[in-house]
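Chemist: My structure is below; once you've seen it, I'll send some questions.
The values are calculated or read from the model by the stated rules, or taken from the named source; none is laboratory data. Worth saying up front: this structure is predicted, and the values here are computed from it rather than measured. Methodologically, a virtual Cβ is constructed for each residue, glycine included, from the backbone with ideal geometry; neighbour enumeration extends over all protein chains shown. Remember, those area values only see protein heavy atoms, side chains included, never the ligands or the DNA or RNA. Shrake-Rupley method; radii C 1.70, N 1.55, O 1.52, S 1.80 Å.
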Amino acid sequence: MSLASAARAAFPPLLVFLALLGLWQLACSVLALPAYLVPTPAEVAREAAANVGQLAQAALLTAVGALGGLGASLVVGGLVAVLFSQSRTAARSLYPYAIFLQTVPIVAVAPLIVVWFGTGLQSVVLTAAILSVFPIITNGTTGLVRVDPQLLELFAMSDASRLQLLLKLRLPGSLPYFVAGAKISGGLAVIGAIVGEFFAGFGADELGLGALILQTSGRLQTAYLFAAIFTATLLGLLLFGLVALLGELALRRWRGRELAVH
């Protein structure tokens, strides 16, 4: 995508965002809303500028937890997807437990994780991984089992082993599905990391965005709270963009190989 096309794609949502900021500012002025309840965009911007160092440090800590959780979900989810694609018995026996990871409220599980693993990065990463692993499992399994029957016949005529079928046909063909799952999991990993920080944290001197959100809400620092929330949103968008970019690069190579084969 060229710079001009990227700018054209970004213009409509940017215009909507600016309009919403204007309506927000107008509502605060007309309704005379108190700052501790709903601060104006200008007050949020001033608070963000005054605490940019702490916000950046908190975002970095949360990003480490989210990336760790996303990486763990890619590894574990990918292995589980391979297992499900190779064994229907395993899929029927274990898939309900994969659904359990998606349906159980993470805020109910996070305190238990802290009890078992203590506070700190490991609990934050584990919480992020639990929340983000399900899309990898479901999308990866779908991609691994959805194979062109003609290609399966071709591999069978070549007496390909089950391992060769997996490595040379199923895994390469499932790449678009894994990329789609990773895009979903990227945003979920940020949410999981923030929820993990609500309970696990990093320490008194190291506040991730989750701990910072709790701290500012408890002190009624509403403008600072809004700044932390917007920072968390920006972090989620950046992680989604990173995953999408890496996925697009991988898919370009995959499409190049597909064209070379045909």
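Chemist: Could you look through the stretch 2-32, keep only residues that are modelled with pLDDT under 80 and among the hydrophobic types (A, V, I, L, M, F, W, C), and pick out the one that is farthest from the chain's Cα centre (by Cα)?
Modeler: Only one residue tops the list, namely A4.
Chemist: Go through the stretch 138-152 and give me each residue that's open to solvent by 10 Å² or more (accessible area, probe 1.4 Å) and of a type outside the set (K, R).
Modeler: Of everything in the stretch 138-152, those that are open to solvent by 10 Å² or more (accessible area, probe 1.4 Å) and of a type outside the set (K, R) turn out to be T138, N139, T141, T142, V145, V147, D148, P149, Q150, L151, L152.
Chemist: Please state which of the following conditions P105 fails to meet, knowing it meets all the rest: (1) crowded, with 18+ Cβ neighbours inside 10 Å; (2) farther than 24 Å from V145 by Cα.
Modeler: Only one criterion in (1) crowded, with 18+ Cβ neighbours inside 10 Å; (2) farther than 24 Å from V145 by Cα is unmet by P105, namely (1).
Chemist: Sticking with this structure for a sec: Give me the pairs, please: first residue somewhere in the stretch 225-237 and under 18 Å from T40 (Cβ atoms), second residue anywhere and open to solvent by 20 Å² or more (accessible area, probe 1.4 Å) and of a type in the set (K, R), beta-carbon distance under 9 Å, and either six or more positions apart or on two chains.
Modeler: These pairs meet every condition: L225/R219.
Chemist: Name every residue in the stretch 209-237 that is of a type in the set (S, T, Y) and surrounded by 18 or more Cβ atoms within 10 Å (Cβ to Cβ), in order of residue number.
Modeler: Answer for the stretch 209-237, where residues must be of a type in the set (S, T, Y) and surrounded by 18 or more Cβ atoms within 10 Å (Cβ to Cβ): T216, T222, Y224, T231.
Chemist: Another question, then. Quickly run through the stretch 49-86 and pick out the residues that are closer than 17 Å to L207 by Cβ and either open to solvent by less than 30 Å² (accessible area, probe 1.4 Å) or among the charged types (D, E, K, R) (or both).
Modeler: L55, A58, A59, T62, A63, G65, A66 - these are the residues of the stretch 49-86 that are closer than 17 Å to L207 by Cβ and either open to solvent by less than 30 Å² (accessible area, probe 1.4 Å) or among the charged types (D, E, K, R) (or both).
Chemist: Do any helices (runs of 4 or more DSSP H) entirely within the stretch 116-228 hold 2 or more residues that are more than 30 Å from L60 (Cα to Cα), and if so, which?
Modeler: Qualifying helices (runs of 4 or more DSSP H): 121-145, 149-157, 162-165.
Chemist: What number goes with the only condition from (1) surrounded by fewer than 18 Cβ atoms within 10 Å (Cβ to Cβ); (2) closer than 22 Å to L94 by Cα that A128 does not pass?
Modeler: (1)
Chemist: Quick check on my filter: what residues within the stretch 82-117 are small (G, A, S) and without any contact (Cβ under 8 Å) to a residue 12 or more places away in the chain?
Modeler: From the stretch 82-117, those small (G, A, S) are 85, 87, 90-91, 93, 98, 108, 110; that's our starting set.
The answer is S87, A90, S93, A108.
Chemist: So which residues in the stretch 139-178 are modelled with pLDDT of 85 or more and aromatic (F, W, Y)?
Modeler: Y177, F178
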